[in-house]
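Notes to accompany the following structure.
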Amino acid sequence: MYQEGLGVAQNFEEAAKWRLLAAESDEVEVHRALGQLYLEGLGLPPDLDKSMAHYLKAAEMGDPEAQSSVGVFYSMGQGAPQSLAIAEEWWEKAANQGHEGAKNYLESLVAANLITARAPAKTTKPKAAKPKAAKEKAPKAPKASKTARTPKAKTSKTPKSETSSEV
């Protein structure tokens, strides 16, 4: 609210105070926002290490925006040791969730011959759980006893093309 100035005057110091209090709740949005506040020095002194720590926490919770940001930290060696391999891993995670910026970073690494081209990232969507009953097979019919066999009915040998299965 204070960070965006929604319904109140924009105030980064007040936003930072409330975000720091909320950080104990382990909410993705809170850690992503604190990462941005520390990165840009908005209401807090700029601190790349603290920014990275908050972005990383949100990234580990699955946030694609934070995952892409963590990739940037690793690619530049700011707030984290420089590693294009680790940056690529984080950008892959974000790209697989549809994050366009992460897709662009990966494409630029391919264009610079820093990584090999891969199949385009597929956007993952949560799969609906299938009901267990659909997976179960129908029980098998009991076998006839050897003593009470019934003769098999003769079937006509009409070619399949001449029969119709339509009703």
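Give region 55-64 a look and list any residue that's surrounded by fewer than 23 Cβ atoms within 10 Å (Cβ to Cβ) and within 11 Å of G35 (Cα to Cα), or say none.
Scanning region 55-64 gives L56, K57.
What do you reckon, is V30 in a helix (DSSP H, G or I) and modelled with pLDDT of 95 or more?
Taking the combined requirement at face value, the residue does not satisfy it.
State which residue is surrounded by the fewest Cβ atoms within 10 Å (Cβ to Cβ) when the search covers only region 66-97 and only residues that are outside any loop (DSSP other than H, G, I, E, B) and of a type in the set (S, T, Y).
First, the residues of region 66-97 that are outside any loop (DSSP other than H, G, I, E, B): 66-76, 84-95.
When the remaining residues are screened for being of a type in the set (S, T, Y), the result is 68-69, 74-75.
Values: S68: 25, S69: 26, Y74: 23, S75: 21.
Out of the qualifying residues, it is S75.
Which residue pairs have Cβ atoms under 8 Å apart, sit 6 or more places apart or on different chains, and have a first residue in region 105-116 that is more than 19 Å from P64 (Cβ to Cβ) and modelled with pLDDT under 90 and a second that is part of a helix (DSSP H, G or I) and β-branched (V, I, T)?
T116/V110
The values are calculated or read from the model by the stated rules, or taken from the named source; none is laboratory data. In this text the structure is predicted, and so the values were computed from the model without any measurement. In this analysis, Cβ positions are derived from the backbone assuming ideal geometry, glycine residues included, and neighbour counts consider all displayed protein chains.
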